[in-house]
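Structure record follows, encoded as structure tokens.
The values are calculated or read from the model by the stated rules, or taken from the named source; none is laboratory data. For clarity, every value in this text was computed on a predicted model and none was experimentally measured. As a convention, Cβ positions derive from the backbone with ideal geometry for all residues, glycine included, and neighbour counts pool all protein chains shown.
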Amino acid sequence: MLKQLTNENLFVITGGPGAGKTAILEELQRRGYACVPEAARAIIQEQVRVGGDAVPWRDTQRYASLMLQKSIEDYRAHADAERITFFDRGILDTLTHARVNGFRLPEEAYLQAEKHRYNRVVFMAPPWPEIYATDTERKQTLDESLIVYQINADVYREYGYDTVEIPRATVNERADFILKTATEALS
């Protein structure tokens, strides 16, 4: 039987690319909350820096493997958190990446997703055309972001999480909404 690691203080903020997650996490961190940066972006930056090919537009399976490994490391580093901690994406985002790109990860990846559990409430930042922009690490189109968002929501629900859509509002209002909802989830 699989022994689960669960910490109700760990909350995931996820969604499609370019939906404002980073700005929200920066605001939550400014307010004194612990925030864990996105593993995927860090991997892309490192791979570009060293001339590696484990990026989504070259070797997407190797990229997914590194993303899973880093996401698990991030979870374990905060597994004993005694206060609310926000993750910019979670372990299940790696499963989303594989599904979007049409491949299956090794069975161990799915077991790890079952084993490492966050709070049941997962915050979903919806695609938002007015703020969407590409950059050196985000190359997806807005249409691709919409697909990722839907598949990501499906994956989290399949694993028993309650997805809560973050309203399209100012960064402060979005942070307020997340804090209120997270506090309610813990009570």
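Summary table below
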| read-out | value |
| --- | --- |
| One residue from Ile151, Ile147, Ile131 being more than 21 Å from Thr85 (Cα to Cα), modelled with pLDDT of 95 or more and of a type in the set (A, V, I, L, M, F, W, C) | Ile151 |
| Test for Tyr159: is it surrounded by fewer than 22 Cβ atoms within 10 Å (Cβ to Cβ) and touching an Asp or Glu at 6+ places or on another chain (Cβ under 8 Å) | yes |
| Single match in Tyr118, Tyr110 (criterion: under 22 Å from Gln29 (Cβ atoms) and out of contact with any His (no Cβ under 6 Å at 6 or more places or on another chain)) | Tyr118 |
| Residues of the stretch 1-41 that turn out to be modelled with pLDDT under 80 and surrounded by fewer than 20 Cβ atoms within 10 Å (Cβ to Cβ), as a count | 4 |
| Which numbered condition Ala81 fails, given (1) out of contact with any Gly (no Cβ under 9 Å at 6 or more places or on another chain); (2) surrounded by 21 or more Cβ atoms within 10 Å (Cβ to Cβ) | (2) |
| Which listed residue is more than 11 Å from the chain's Cα centre (by Cα), in contact (Cβ under 8 Å) with a residue 40 or more places away in the chain, part of a helix (DSSP H, G or I) and more than 17 Å from Leu10 (Cα to Cα), from Ala109, Ala98 | Ala109 |
| Flag if Leu95 is over 22 Å from Leu186 (Cα atoms) and at pLDDT 95 or above | yes |
| Hits in the stretch 47-77 (condition: of a type in the set (S, T, N, Q), within 13 Å of Gln112 (Cα to Cα) and out of contact with any Pro (no Cβ under 9 Å at 6 or more places or on another chain)) | Gln69, Ser71 |
